[in-house]
Amino acid sequence: MSIILDGLENMVLEENIDNEKSKQEDDFVDPWNVVSKSAAGVDYDKLTQRFGSSKIDTELIARIEKITGKPAHHLLRRGIFFSHRDFHNVLTCYEQNKPFFLYTGRGPSSEALHLGHLIPFIFTKWLQETFDVPLIIQLTDDEKFLWKDISVDDVCHLAFENAKDIIALGFDVEKTFIFSDFNFIGQCHDFYKNIVKVQRNVTFNQVKGIFGFGDSDCIGKISFPAIQAAPSFSTSFPFIFNGRKDINCLIPCAIDQDPYFRMTRDVAPKLGYLKPSLIHSVFIPALQGAQTKMSASDPNSSIFLTDTPNQIKNKINKYAFSGGGATVEEHREKGGNCDVDISFQYLRFFLEDDERLETIREEYSSGKLLTGFLKKELIGILQRVVAEHQKRRQAVTDDTVREFMRVRKLKFNY
């Protein structure tokens, strides 16, 4: 017997199959949990295949470099941003001098961001500067209130503080709009209209199939995905895009957020809107190993942007999982495993020099370099990254945040 389903119904069927498969496979990935039984972490090739996205290949990277005249970011060259949906569409827009905008976000679950939170924003900043496009950043304080035991006042405070960390990366206030859901939804009727339009086009059964919600989940969780979907549409921000609905959106995010936008992409044509494009990053692993991602709920799994140089040193030395041999002799003989060594994996994210990284990889794999060298190298880099960020963040005042969050026209002509 064959069943023919359209759009979201078909996607829900696939999602339910995905959910059953994920229980049997080593990797489990959803918007709230990432778990792998492999020491090397999530198998991103399998995940890409299961989610139905496209791998970023050398041909796509070459096209980016050709049309921008700039080298690809190291996070792109190294496969840290590894998957996409219709990224070619925004590149074609750029070639044809048609506008597009960037949209990404942050769920404020802790007062300080950790290094894993920085990765999408670092790459987003590069995208904004390279393509010279406006950026929308959503702070989903309402989501964290629904999922965590936290008060509205406290989560709003976290959102405001997280905005300071984001701004400290150097985003241009004239080209960037940051908003928190609690503060913005009541200000912009068009944004709320799009939320309701999405809600009307997704059934309860469909959202359960996509996100795995149970009968005991509060109704706020069930309706939330529409709130994360709405910023994908330019009509949600009439004060920026003058009410136009034909402006493409590119969403840089970690791949665990993809279910939200699979739903969004299915709903968009029903509303007369363009499907958003996406570009996905891998997860930065926890210090203890790649089986889980760095988490704000476990301070020993993460390097926070508030950590002191000594805290960074102690965390790396004490917790960073080693891919080296059990003894010096064994390591010299067999070499280290860069695929599971957390210090090397972090160097892939934060050491920008390709030649230096390759030399370290070769010498560690051959046994010439010991784990202690990798940790020392990483400690120095992360201490510098965090210290520089802390210095920039000190210059971000409450008034600075309010200006980024002020409803206003950005410096673009549409």
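Summary of computed values
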| quantity | calculated |
| --- | --- |
| The listed residue being closer than 21 Å to S236 by Cβ and of a type in the set (A, V, I, L, M), out of A168, A72, A159 | A159 |
| Unique residue being assigned to a strand (DSSP E or B), open to solvent by less than 10 Å² (accessible area, probe 1.4 Å) and farther than 24 Å from D45 by Cβ when the list is L118, L102 | L102 |
| Conditions (1) surrounded by fewer than 18 Cβ atoms within 10 Å (Cβ to Cβ); (2) in contact (Cβ under 8 Å) with a residue 40 or more places away in the chain: number failed by C93 | (1) |
| Condition met for S110 (within 24 Å of Q383 (Cα to Cα), open to solvent by less than 50 Å² (accessible area, probe 1.4 Å) and among the polar types (S, T, N, Q)) | yes |
| Subset tally (residues that are assigned to a loop (DSSP other than H, G, I, E, B) and open to solvent by 10 Å² or more (accessible area, probe 1.4 Å)) for region 257-279 | 4 |
| R348 being touching a residue at least 12 places away in the same chain (Cβ under 8 Å), open to solvent by 70 Å² or more (accessible area, probe 1.4 Å) and part of a helix (DSSP H, G or I) | no |
| Test: residue in region 283-296 that is among the basic types (K, R), surrounded by fewer than 21 Cβ atoms within 10 Å (Cβ to Cβ), touching a helix residue (DSSP H, G or I) at 6+ places or on another chain (Cβ under 7 Å) and not in a helix (DSSP H, G or I) | no |
| Qualifying residue in region 299-307 (condition: over 28 Å from G107 (Cβ atoms) and among the polar types (S, T, N, Q)) | no |
| Residues located in region 319-342, provided they are open to solvent by less than 30 Å² (accessible area, probe 1.4 Å) and within 19 Å of D43 (Cα to Cα) | G323, C338, V340, D341, I342 |
| Some residue of region 246-256 being more than 20 Å from the chain's Cα centre (by Cα), without any contact (Cβ under 8 Å) to a residue 60 or more places away in the chain and surrounded by 14 or more Cβ atoms within 10 Å (Cβ to Cβ) | no |
| Residue in region 175-231 that is surrounded by the fewest Cβ atoms within 10 Å (Cβ to Cβ), counting only those that are in a loop (DSSP other than H, G, I, E, B) and of a type in the set (G, A, S) | S216 |
| Failed condition for A72, given (1) open to solvent by 60 Å² or more (accessible area, probe 1.4 Å); (2) in a loop (DSSP other than H, G, I, E, B); (3) modelled with pLDDT of 95 or more | (1) |
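Conditions (1) touching an Asp or Glu at 6+ places or on another chain (Cβ under 6 Å); (2) within 26 Å of V152 (Cβ to Cβ); (3) modelled with pLDDT under 95, marked per residue:
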position: D181; (1), (2), (3): yes, yes, no
position: Q206; (1), (2), (3): no, no, yes
position: G212; (1), (2), (3): no, yes, yes
position: D215; (1), (2), (3): no, yes, yes
position: A226; (1), (2), (3): no, yes, no
position: A230; (1), (2), (3): no, yes, no
position: N242; (1), (2), (3): no, no, yes
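The values are calculated or read from the model by the stated rules, or taken from the named source; none is laboratory data. Computed from a prediction, not measured in an experiment: that's the story for all the values here. Note that each Cβ is placed from the backbone with ideal geometry, even for glycine, and that neighbours are counted across all protein chains shown. Note: accessible area is taken over every heavy atom of the protein model, side chains too, but ligands, DNA and RNA are not part of it. Shrake-Rupley method; radii C 1.70, N 1.55, O 1.52, S 1.80 Å.
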